[in-house]
Every structure is written in structure tokens, then in C-alpha cells.
1. Just to be sure I understand, how many residues within segment 409-449 are open to solvent by 10 Å² or more (accessible area, probe 1.4 Å) and among the aromatic types (Phe, Trp, Tyr)?
2. Write out, first by first residue and then by second, each pair whose Cβ atoms fall under 6 Å of each other, whose residues are 6+ apart or on separate chains, and whose first residue, in segment 496-521, is open to solvent by 40 Å² or more (accessible area, probe 1.4 Å) while the second is hydroxyl-bearing (Ser, Thr, Tyr).
3. If you take the residues of segment 227-247 that are without any contact (Cβ under 8 Å) to a residue 40 or more places away in the chain and of a type in the set (Ser, Thr, Tyr), which of them is surrounded by the fewest Cβ atoms within 10 Å (Cβ to Cβ)?
4. Can you name every residue in segment 136-160 that is among the hydrophobic types (A, V, I, L, M, F, W, C), buried (at least 18 other Cβ atoms within 10 Å of the Cβ) and either free of Cβ contacts under 8 Å to residues at least 60 places away in the same chain or closer than 27 Å to Lys47 by Cβ (or both)?
5. For segment 551-565, what are the residues that are surrounded by fewer than 19 Cβ atoms within 10 Å (Cβ to Cβ) and closer than 18 Å to Ile610 by Cα?
6. Only one of Lys304, Lys347 is at pLDDT 80 or above and either of a type outside the set (Val, Ile, Thr) or over 19 Å from the mean Cα position of the chain (by Cα) (or both). Can you tell me which?
7. Name the single residue that is modelled with the lowest pLDDT among those in segment 19-64 being open to solvent by less than 20 Å² (accessible area, probe 1.4 Å) and part of a loop (DSSP other than H, G, I, E, B).
Amino acid sequence: MSDMHGNLSINSDNIFPIIKKWLYSDHDIFFRELISNGCDAITKLKKLDMMGEYNIPSNEEFRIDVIVNQNDKTIKFIDNGVGMTFDEVNEYINQIAFSGAEAFIEQYKDKTTSDQIIGHFGLGFYSAFMVADKVTIDTLSYKDDAKSVHWECDGGTKYTMSASQKDTRGTEITLYLNSDSTEFSNEYRAKEVIEKYCSFMPTQIFLTNAIAKKKEDDNEVSLNDTNPLWNKHPNECSDDDYKAFYRKVFKDYKEPLFWIHLNMDYPFNLKGILYFPKLNSEYDTLEGTIKLYNTQVFIADNIKEVIPEFLLLLKGVIDCPDLPLNVSRSALQNDGFVKKISDYITKKVADKLSGMCKTDKDNYIKYWDDISPFIKFGCLKDDKFCEKMNDYILFKDIYGSYNTLPEYLEANKERHENTVFYVTNELEQGQYINMFKEEGLSAVLLMHNIDQPFVSYLEHKNENVKFMRIDSDLNDTFKDTSDENVSEELNTILCDMFKKSLNKDKLEIKVEKLKNTAISSMITLSEEGRRMQDMMKMYNLDMGNMGIDKADGQTLILNANHDLVKYLFENTTSPNNTIICEQLYDLALLSHAPLSAEQMTAFIKRSNEIMLLLTK
């Protein structure tokens with residue numbers, strides 16, 4: 001074979017600066033591309049064997065070897081697949097499948113994500129030049145009488161081809177790393193990247209450190225699982241298998257609640273496992289990880305065009321060989337085929353949850369507190385999902401019972417028709433919960449941050465239903481109607497006294513006779529006023545002095561049946577009235593929400609003064 005020199009057939013003077021500039025954020029992806037190419041070469045050979053065009057030796061072990069050498073700053077990728085002839089190297093390597101540098105830049109100039117799928121743009125092999133000053137290929141084709149080929153390029157558009165010394169079938173690619181990329185010749189860094197991208201590739205991958213002294217009895221261990229759990233039939237997989245796979249892939253040692261095994265052949269091929277993770281607390285960020293694979297090759301995490309947004313709260317793997325990855329990202333989200341995949345995944349999740357509620361309700365209830373934020377978020381984001389889940393949304397009440405919205409409304413229609421009372425904080429609203437329990441009234445617990453927008457959504461979906469927080473109004477059930485009403489004189493005197501003592505002329509005050517004589521004072525905050533407060537907080541709007549004691553819609557309730565309130569009315573000239581008014585107001589605030597630092601300081605000081613009065 002005579003040596004061959006030439007210029008790479010590309011529509012640019014130099015493709016490599018473009019690759020380095022536009023794909024630099026993915027500079028470790030060359031591992032995936034080169035190993036994936038090796039897997040493809042082995043798959044092709046197996047297909048030739050099946051077609052009778054090649055006979056694979058019975059003792060053949062297919063493998064990808066990655067050899068790192070930190071001294072030489074090199075990485076070798078070796079496969080024993082089909083290999084290439086001189087003509088094939090000339091066609092596949094020298095003529096880059098590339099539509100033009102300008103078009104490439106124009107298409108990807110706005111992309112800032114770190115998961116560009118360069119292998120699907122005919123650039124897979126050339127990803128090597130993101131990290132290498134020079135790349136060589138030594139290859140020998142499976143074909144009879146084929147001669148081995150050496151190819152070499154130093155990162156310009158000029159290459160050299162000549163005879164190679166390689167005498168075994170397959171391809172060996174050597175990367176001579178540039179000064180910025182020598183980290184990849186470190187065994188541990190290489191292992192990290194291979195496990196990131198190649199954990200489930202279909203051919204065994206072995207990593208060797210060329211300068212480490214290996215013991216003769218060292219056993220080689222493949223870095224990847226060539227038959228991942230999602231490729232198996234659900235009947236072949238035990239609970240322990242699913243849990244072990246979850247720990248391995250997501251490094252999460254809290255057991256998942258349950259999972260869904262996806263397995264579809266028509267109208268597209270899709271397999272996968274979706275896990276419902278257990279949240280630590282209501283403050284957990286609602287963010288999971290869905291790993292997308294294409295024929296066991298890792299593509300990216302959380303591709304929103306393929307995975308519905310609300311499903312990104314889950315953890316899982318999805319392998320879809322039919323995914324049109326050659327479509328640009330901007331077009332991907334509008335692709336009808338991709339939308340069908342997304343809809344299918346949504347449907348399978350809804351079917352699993354509704355089926356569990358119908359056939360295994362005890363477990364569904366057991367999981368509800370953990371999965372409810374996910375389901376509610378799904379309903380807010382996806383109408384089809386909401387339609388399927390509408391009858392399976394549960395509400396836990398203050399007694400620990402779980403019911404659907406229609407069940408709650410039916411059970412309480414005699415006492416508060418079409419009104420749902422709810423709790424957002426069991427501690428802060430404890431006094432109100434006790435009042436509800438004393439009267440046999442029910443309220444539901446809506447304590448996650450997703451619940452506030454969900455309440456508004458439910459009111460929109462159920463026009464006649466009103467949601468009211470448990471402290472938003474004083475239900476007539478709590479009032480003592482056995483005696484005469486509060487007199488106008490009592491109401492006027494107490495209102496004037498409190499406004500003057502508290503220096504709050506605009507404070508809304510009501511004097512009521514409550515059945516519970518142990519309650520002296522309490523605060524209610526209108527649902528509308530509180531929702532406005534919550535919205536302003538959510539959008540970080542300046543609330544000025546709008547603390548709980550300044551909020552619109554706030555009302556101070558005084559219990560005319562409590563001895564302290566009676567004392568104030570009967571002793572209007574007492575020197576202690578101001579301190580009692582201030583204390584009753586702060587006690588009402590405390591039963592509603594924590595006091596500010598300034599308010600708490602004053603409250604403690606005043607409490608000491610009141611105790612001193614008892615000693616006189």
C-alpha cells in the first residue's frame with residue numbers, strides 16, 4: 001500500500017476550531033462517541049454473521065478496551081468489530097458527513113446546554129479533536145485479504161494514510177491529548193466519564209492503566225452492564241432487582257416508593273423504568289432525574305421535549321431507539337413523533353396510579369403524602385393527566401382520613417356546603433384545629449408549597465366550590481347562641497379600648513360569644529387578603545409594613561365569654577387595661593403565626609411585667 005496524503009473533504013478551511021468552540025462544554029463526550037462507534041462496529045459484525053456473510057469464531061469475546069497512559073498522555077480505544085478497509089477509511093473518515101461549517105454554527109449558536117448529541121451530526125469520531133492534538137487510527141477489516149490501514153491527523157485538515165502493523169480484526173484509535181485535556185488519561189477520571197455515558201452499552205467495556213503494574217491474578221471487571229434491567233421483561237425482575245438498580249444508577253439509598261416498568265414495541269420502541277422517590281420533607285426541591293438512552297447509549301438527563309415537565313420530578317431511565325435525535329432541539333419539541341412518546345409516558349404513569357388506587361388502595365393511601373405533590377403538579381401542568389387522575393386525588397383530613405373531593409363535600413354538606421376548610425400549618429393553626437375538632441368539623445391538610453396554586457386550580461375546575469383556610473373566618477358553629485347577643489355598648493367600649501391601647505385605628509375588631517370559654521382572643525385573616533399576601537411573597541414583591549398585624553382582611557376576635565374580656569368591659573378605667581389589651585392581641589397573633597423579633601421582645605417584657613403585678 002502506497003502512502004496517501006490529502007485534505008479532509010469539508011466545507012471549511014478548518015473544522016476543528018469550530019468543534020472545539022461550539023462543543024467545548026461537552027468536552028468529555030468523546031468517550032461516548034468513540035466507545036459507541038466501537039459498539040456499532042461489533043453489532044455490524046454480529047449482523048453479518050446472522051446473514052451468513054461472516055462466521056464469528058465460537059470462542060470470540062467481543063469487547064471494547066480503553067487504555068489510558070498518563071505518562072504518554074494518550075488514550076486508546078480498541079474494538080474487535082468489523083474494522084475498515086483503505087477505501088472505507090477514505091469514505092467514512094476523510095469525507096466528513098457535514099453540511100457546512102456556517103450552517104452548523106448558525107444552527108447551534110444559541111445552544112448553551114451541555115448535552116449536544118454530536119454523534120448524530122456525523123461528527124462522532126471527530127469529537128476526539130476536542131481533546132487531542134493528534135489522532136491515529138489503525139484498523140483491519142473483517143473482509144478476506146483486507147490489508148490493515150494506518151490513518152493520522154494532527155488537527156488540521158491534512159491527513160496521512162499508510163500501511164499499518166495491526167494484525168487483528170477491528171479498530172484501534174489513539175488520542176494524543178492536548179495540554180488542556182491530560183486529565184482524561186488519568187484512570188479514575190476516565191472511569192468516571194465512562195460510567196457517566198457508557199454504563200449500559202451493549203458490549204463489555206474494560207479500562208486499563210498502561211503504566212500500572214497488574215498482578216497476575218487480577219480479574220478484569222467490565223465497567224458496564226450490557227443487559228440493563230429495563231431490557232428485561234417485568235416478570236423477570238424482582239423487587240430487589242428494581243431497588244438495586246435504583247441505588248446503582250441514582251446513588252440514592254432511600255428506597256423508592258414504587259416504580260413503573262415501561263415496555264412498548266408499537267407504534268414505537270420504548271423501554272424504561274420510572275421510580276417514585278420518597279421526599280425527605282415538604283421543603284425538598286421537587287426535582288428528579290430522567291436519564292434518556294438511545295439503544296443503551298446515554299444521551300442526556302431531563303430532555304424536556306421527550307419527558308413531560310411534571311414527570312421530571314421522578315427518577316428513571318428511558319431507552320427509545322426510535323427517537324429522532326438528528327432533529328435540532330428547537331424542532332424536537334414540535335415533532336409529532338416526540339409528542340406521541342411524551343403522551344404515552346404520561347398515560348402509563350396515570351394508568352399505574354389510578355390502577356393502584358382502584359386495586360391496592362391501602363398502599364395508595366400509604367404513599368399519598370409522598371406522591372401528592374407530584375400528582376398535583378402534574379394536574380397543573382397537563383390537562384390529560386388531570387382528567388385521568390381527577391377521581392384519584394385524595395385529601396387527608398385533620399382526623400387522618402383520606403377522601404376524594406366529592407367525598408369530603410358530601411360528608412360536610414349539612415354544615416358547610418360547597419366549602420372546603422384547609423390547614424397549611426398544623427402548629428401555627430393548632431388552636432383552630434382544636435376548635436374544629438371540638439365541634440366535629442373537618443378540614444383537610446394542604447401543607448406543601450404546591451398546594452396554594454393547586455387550591456386556585458381546583459376552584460377554577462369546580463366553580464361552586466370555595467376553599468377557605470381554617471383561620472380565615474369564624475364559623476357560626478363556634479358561637480354561643482344560648483344567651484343574648486353581644487350588646488352594642490359592649491362592642492363599642494371594647495373596640496375603642498383596643499384601638500386606643502394598640503394605637504391601631506384601622507384594626508378590624510369583632511366581639512363574639514364563643515362556646516369555648518378558654519379562648520380569650522384570636523385572629524382571622526380573610527382568604528382573599530391572605531392569598532394576596534402569599535402571592536406577593538411568591539413574587540418577592542415589597543410588602544412594606546404588611547406583616548400579619550398589618551395585613552388587609554385581618555380581624556381581631558374578642559371572646560365576650562372569657563373572664564379577661566369581661567374584666568376589661570367592667571373596669572374601663574383600670575390602669576392595667578392597656579397592658580392587658582396588648583397581651584391579648586399578641587396572644588391572638590401567636591396563635592396565628594410566629595411573632596416578629598421585635599414583637600416577641602415586647603411580648604416577653606410585658607409578660608414579666610404582668611407577673612410582677614401578681615406579686616403586688
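The values are calculated or read from the model by the stated rules, or taken from the named source; none is laboratory data. Worth saying up front: this structure is predicted, and the values here are computed from it rather than measured. Using ideal geometry, Cβ is built from the backbone for each residue, glycine included, and neighbour counts are taken over all protein chains shown. What goes into the accessible areas is simple: the full protein's heavy atoms, side chains included, and nothing from ligands, DNA or RNA. Shrake-Rupley method; radii C 1.70, N 1.55, O 1.52, S 1.80 Å.
1. Qualifying residue count for the region: 1.
2. From segment 496-521, the pairs are Glu508/Thr555; Lys510/Thr555.
3. Out of the qualifying residues, it is Ser238.
4. Passing the criteria: Ile137, Leu140, Val149, Trp151.
5. Residues satisfying the conditions are Asp563, Leu564.
6. On inspection, the qualifying residue turns out to be Lys347.
7. Filtering segment 19-64 for residues that are open to solvent by less than 20 Å² (accessible area, probe 1.4 Å) and part of a loop (DSSP other than H, G, I, E, B), the one modelled with the lowest pLDDT comes out as Leu23.
Quick grid of which residues meet (1) in a helix (DSSP H, G or I); (2) open to solvent by 80 Å² or more (accessible area, probe 1.4 Å); (3) modelled with pLDDT under 90; (4) at positive phi:
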position: Phe569; (1), (2), (3), (4): yes, no, yes, no
position: Glu582; (1), (2), (3), (4): yes, no, no, no
position: Asp586; (1), (2), (3), (4): yes, no, no, no
position: Pro594; (1), (2), (3), (4): no, yes, yes, no
position: Ile604; (1), (2), (3), (4): yes, yes, no, no
